[in-house]
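As structure tokens, the structure follows; a few thoughts come after it.
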Amino acid sequence: MSTRQYQSVLADALTFVLSFAALAAMSVAHAADYPVKPIRFVLGFAPGGASDTMARAIGTRLSEGLGQPVVIDNRAGAGGNIAAEIVARSAPDGYTMLLGNNGILAVNVSLYPKLGFDPVKDFAPVVLIASQPNILVVHPAVAANSVKELVALAKAQAGKLNYASPGNGTTGHLAGELFKRMAGVEYTIIPFKGGGPAALAMLSGETQFTFATALSVQPHIKSGKLRALGVTTAKRSASFPELPTVAEAGVPGFDAITWHGVVVPARTPQPVIARLNREFNKLLQAPDMRERLLTLGSEVIGGEPKQLTEFMRVEIPRWAKVIKDSGAKAD
């Protein structure tokens with residue numbers, strides 16, 4: 001290499017290093033000032049539901065910590081995919097966040113043939129907010145007072161029991177598919193247009209059992225209109241400590257929870273993510289917030305961004321197998 005060529009290469013390298021240093025400095029400066037304007041909190045859920053209520057409670061407290069308004073933007077539809085695509089395509093500056101759940105961040109990638117985002121590549125994790133146990137409930141007329149008795153009944157009456165699903169591809173549907181395979185039983189999964197119609201089918205006796213969100217069935221359990229057999233968490237739920245887990249009660253290894261996590265667009269500066277993570281963890285540790293979320297059937301998790309990453313790495317392939325084995329498709 002000639003002296004002139006060497007000097008040219010050296011100059012190019014120096015330019016690259018200086019440019020990189022400048023960008024890094026800009027990133028640090030941006031994070032130091034962050035936030036300087038309102039933050040958009042995008043939800044893939046309709047107003048009024050438990051997830052929306054959770055987001056609004058969190059958004060109010062987060063706004064106090066960050067010193068800027070947190071604006072809730074409900075973009076329901078397509079299983080949360082509309083909201084996810086909006087955030088994935090937003091500027092990676094920390095001013096657009098997504099409240100995702102297991103559907104958006106772990107299930108849909110296998111459920112939908114065409115997805116406008118990659119849950120791993122297009123997002124940077126901020127925090128795993130909370131988990132919500134689902135409850136295995138049966139109609140009172142069903143001759144089963146435990147998980148083992150339900151499994152025995154389903155085996156004795158193969159294909160005759162009806163399971164209420166709140167819709168194809170939902171957590172309730174996939175939990176039913178997972179239970180069928182892990183317990184080695186057969187029954188008919190009947191899809192309904194949402195949790196409300198599925199609950200009505202359970203109350204009328206049209207269907208015999210289901211996995212439902214704690215919030216949707218708790219009043220019916222208390223009134224005796226439905227009988228609870230277990231929770232779907234790996235460990236006993238703080239919300240329902242008297243109920244055994246499905247795993248300990250007859251189907252070892254069974255785990256099918258609903259969970260929520262916050263992500264931002266990929267390439268969002270790490271100092272910004274770190275600031276958001278600190279604020280989320282601060283508000284999640286507040287006793288009144290933990291109690292508020294508990295009333296919504298949610299148990300606080302929190303922690304570092306990498307915990308959400310690791311959680312997704314386990315959940316995505318697990319549900320991909322259930323979807324492939326069952327042939328589940330989105331409505």
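The values are calculated or read from the model by the stated rules, or taken from the named source; none is laboratory data. Just so you know, these numbers come straight off a predicted model, no measurement behind them. In this analysis, Cβ positions are derived from the backbone assuming ideal geometry, glycine residues included, and neighbour counts consider all displayed protein chains. What goes into the accessible areas is simple: the full protein's heavy atoms, side chains included, and nothing from ligands, DNA or RNA. Shrake-Rupley method; radii C 1.70, N 1.55, O 1.52, S 1.80 Å.
General observations
- Which listed residue, of Asp325, Asp288, Asp331, is over 15 Å from Gln132 (Cβ atoms), modelled with pLDDT under 95 and out of contact with any Pro (no Cβ under 9 Å at 6 or more places or on another chain): Asp325
Here is a yes/no grid of residues against (1) within 25 Å of Leu296 (Cβ to Cβ); (2) out of contact with any His (no Cβ under 9 Å at 6 or more places or on another chain); (3) of a type in the set (Lys, Arg):
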position	(1), (2), (3)
Gly159	no, yes, no
Gly167	yes, no, no
Leu178	yes, yes, no
Lys193	yes, yes, yes
Pro197	yes, yes, no
Ser223	yes, yes, no
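- Verdict on Ala238 being touching a residue at least 24 places away in the same chain (Cβ under 8 Å), open to solvent by 50 Å² or more (accessible area, probe 1.4 Å) and touching an Asp or Glu at 6+ places or on another chain (Cβ under 6 Å): yes
- Any pair with Cβ under 9 angstrom, 6 or more apart, that starts in the stretch 134-152 at a residue that is farther than 21 Å from Ala198 by Cβ and ends at one that is among the basic types (Lys, Arg): Asn145/Arg227
- All of (1) under 19 Å from Pro265 (Cα atoms); (2) surrounded by fewer than 16 Cβ atoms within 10 Å (Cβ to Cβ); (3) not hydroxyl-bearing (Ser, Thr, Tyr) hold for Gly80 with one exception: (2).
- Remark: pairs (first residue in the stretch 108-133, within 22 Å of Gly172 (Cα to Cα); second residue among the charged types (D, E, K, R) and assigned to a loop (DSSP other than H, G, I, E, B); Cβ separation under 8 Å; 6+ apart in sequence or on different chains) = Val109/Asp118; Leu111/Lys329.
- Scanning the stretch 173-199 for residues that are at pLDDT 95 or above, aliphatic (A, V, I, L, M), over 21 Å from the mean Cα position of the chain (by Cα) and open to solvent by 10 Å² or more (accessible area, probe 1.4 Å) returns Met182, Ala183, Ile189, Ile190.
- Odd one out for Leu136, checked against (1) closer than 24 Å to Gly230 by Cα; (2) open to solvent by 10 Å² or more (accessible area, probe 1.4 Å); (3) not polar (S, T, N, Q): (2)
- Residue ID - least open to solvent (accessible area, probe 1.4 Å), chosen from residues in the stretch 291-310 that are in a helix (DSSP H, G or I) and modelled with pLDDT under 95: Leu293
- Criterion: open to solvent by 10 Å² or more (accessible area, probe 1.4 Å), assigned to a loop (DSSP other than H, G, I, E, B), in contact (Cβ under 8 Å) with a residue 40 or more places away in the chain and not hydrophobic (A, V, I, L, M, F, W, C) - qualifying residue of Arg267, Arg275: Arg267
- When the stretch 143-172 is limited to residues that are within 20 Å of Lys321 (Cβ to Cβ) and in contact with a Ser or Thr (Cβ under 8 Å, 6 or more places away or on another chain), the one that is most open to solvent (accessible area, probe 1.4 Å) turns out to be Thr171.
- The stretch 311-329, residues that are open to solvent by 30 Å² or more (accessible area, probe 1.4 Å), in a loop (DSSP other than H, G, I, E, B) and touching a residue at least 60 places away in the same chain (Cβ under 8 Å): Lys329
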